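Only one structure is covered here, and it is reproduced in the block below.
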Amino acid sequence: MPDSTDPSAAPASQHPERRREPLEGYDDHADAVRLHASLIGDDPTALFQEMRREHGPVVPVLLDGMPVWYVIGYRELHHVTSQPQLFGRDPRRWNLQDHLPPDWPARPYVTWQPSVMYSEGAEHQRRIGAISDALDSVDRTELALICEQIADRAIDEISGDGQTDLISQYADRIPAQVITRLFGLAETDLPELVEDVNIVLGGGEEAPSAITRILEKVSRLIADKRALPGHDLTSHMLAHHARITDEEIVQDLIMTMISSHDNCSNWIGSTLRLMLMDDHFSMSLQGGRSSVGEALNDVLWKDPPTPNMPSRWAVQDCELAGRRIRRGDMLVLGVAAANADPQVQPAAHAGSGANRAHLAFGHGEYGCPFPAPELGGIIAKTAVEVLLDRLPDVYLTVKPDALRWRPSLWVRSLEALPVRFSPTVPTGRGPSNIWNASR
Ligand code: HEM
């Protein structure tokens, strides 16, 4: 999604910049931290520590110039996400909507659309219920099998070269193909859809026409599935007793496909990075699959795929960690910062082990819905395991500190993960239609 990069920004380890003049009506923001993508940088640990020390768990920030509250305390973030009656997610609640510059970088996130992502209360329950029920119809064993085949095919395509970029050629491709199958999209629609999704996620001038193309494809998908239902998520949603309208389904399918694709890709990419660069994991990398689950969990603590969410607005005046929050104030949920809160991570990011109390899937009524985290986990785990099985001697071709994160507040995504390995013989398992054939 669009992000700003302020060329004058200080590196994460330096003192956060300050806005000089107070904003009218926003006295608490006189000393606000200026928050933008390049302030987060490659390692935001020092920044989070400094913000916590100077401002506490709820930080007044200027998000690309707009005053908002940055929730970086674990308990506070848990509280906000547990209280949907106090903190809504309809951006029309924002008391500064009318003051928003047209080119404000995070504008796409705070522009209301008829999507489940912006719905609240009973309306939200009706729509997220249909999504959850559809997702729950997915057979977990079949999902693992199809992921394995897609991952094998991706490795077949790169295996002869002995080198590749694991982000563009692996981590980004597998979830896209799995999700396309899950939703019953035609294989021929896949390449353009993935490209358009990436254009939308990257923001920029091409995004509106990419959205139009995605809308056309998804509308066509719905028409096809109405005419000839199959055993796919789209057909499940269309048949759901909540009677979701076509307009709602278009919006919710796009949101679900994009959200799952992006989160799964980045989860896989960051886990591969960790396993390739961390001594603790690289030993296991050679030894096999035993530490994949631990590495996946570690990433959800340290580099959650969605590190920040510009997604809550106060329903009424209230207090949060001693801050006076006014009705309609916007809150950015600092997932990565809250995960790093010393109150829950006393050993400052020592191995997370079996502790699953991270906030990477959000929390509460508007968190990542059941059983999406489980399905995402199957996709990510299978992708990593197949890579270990097929390319056991894979190694990084650059030093770990040369790896770069894309500058973004909202997405934790690597630019590239260049590796080498011994060329292998393709499995020849090839593309498969087991998803449909087994039904
Ligand atoms: C099969 C894979 C996945 C699917 C189908 C999926 C689906 C969804 C959907 C439908 C929502 C909107 C929830 C709502 O409006 O109430 C959502 C939200 C979210 N998902 Fe997922 N997701 C997947 C994987 C993931 C993964 C792997 C992560 C991160 C590791 C993730 C993190 C989130 C977060 C942080 C939110 C926002 C929660 C909030 O606003 O509080 N998701 N997801």
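The values are calculated or read from the model by the stated rules, or taken from the named source; none is laboratory data. Just so we're clear, the structure is a prediction, and the values are computed from it rather than from any experiment. Virtual Cβ from ideal backbone geometry, glycine too; neighbours counted across all protein chains shown. Heads up: the accessible areas ignore ligands, DNA and RNA and are worked out on the full protein's heavy atoms, side chains in. Shrake-Rupley method; radii C 1.70, N 1.55, O 1.52, S 1.80 Å.
Calculated [222 nm] ellipticity per residue, helices only, for the chain: -14000 deg cm²/dmol; basis is -39500 (n - 2.57) per DSSP H run with n ≥ 4, divided by all residues, nearest 500.
Computed from label points 7 Å out along Cα-Cβ, the spacing between ARG92 and ASN355 is 4.2 nm. Under the simplified labelling scheme, the GLU206-TRP112 pair shows an inter-label distance of 3.2 nm, with each label point 7 Å from Cα along Cα→Cβ. Treating the Cα atoms of region 120-190 as identical point scatterers in vacuum, please give the log10 of the normalised Debye intensity I(q)/I(0) at q = 0.25, 0.27, 0.28 Å⁻¹, two decimals. After summing over all Cα pairs, the log10 values are -1.12, -1.19, -1.22. Here's the list of lysines a cross-link from LYS225 could span, going by alpha-carbon distance under 26 Å and ignoring same-chain residues fewer than 8 apart: LYS217.
For the chain, taking the reciprocal of the average inverse distance between every pair of different Cα atoms yields a Kirkwood hydrodynamic radius of 22.6 Å. Taking every alpha-carbon pair in region 84-126 and binning the separations at 5 Å intervals from zero gives 5, 20, 30, 21, 14, 7, 2 percent. Measuring r between the beta carbons of ASP189 and ALA144 and using R0 = 30 Å, the FRET efficiency lands at 0.80. Charged neighbours of ALA144, selected by a Cβ distance under 12 Å, balance to -3 (K, R count +1; D, E count -1). Residues in the chain average 43 Å² of solvent-accessible surface per residue, probe 1.4 Å, ligands and nucleic acids excluded. Legend: translational diffusion of region 42-116 by Stokes-Einstein, Rh = Kirkwood radius over C-alpha pairs, 37 °C, 0.692 mPa s; D = 230 µm²/s. What is the local net charge at LEU333, summed over the other residues whose Cβ is closer than 12 Å to its Cβ (Lys, Arg +1; Asp, Glu -1)? Once positives and negatives cancel, what remains is +1.
Applying 1/(1 + (r/R0)^6) with R0 = 51 Å to the Cβ-Cβ distance of GLU157 and THR245 gives a FRET efficiency near 0.80. When you count the other C-beta atoms within 10 angstrom of each residue and take the mean per peptide, 406-413, 385-392, 120-127, 85-92 line up highest first as 406-413, 385-392, 85-92, 120-127. To put it simply, the accessible area of the chain at a 1.4 Å probe is 52 percent carbon and sulfur. Which of ALA151, ALA223, ALA340 moves most in a GNM of the chain, Cα contacts under 10 Å? Highest fluctuation among the options: ALA223. Identify, among GLN343, PHE370, VAL71, the residue whose Cα sits farthest towards the positive end of the charge dipole of region 27-437, taking +1 on the Cβ of Lys and Arg and -1 on the Cβ of Asp and Glu, with the dipole about the Cα centre. Among GLN343, PHE370, VAL71, the one farthest towards the positive end of the dipole of region 27-437 is GLN343. Taking label positions 7 Å along the Cα-Cβ direction at both GLN343 and LEU215, the computed distance is 4.3 nm, reported to one decimal.
Charging the Cβ of each Asp and Glu at -1 and of each Lys and Arg at +1, and nothing else, the dipole of region 294-431 about its Cα centre rounds to 320 debye. Other residues whose C-beta falls under 12 angstrom from the C-beta of ALA186 contribute a net charge of -1, scoring Lys and Arg +1 and Asp and Glu -1.
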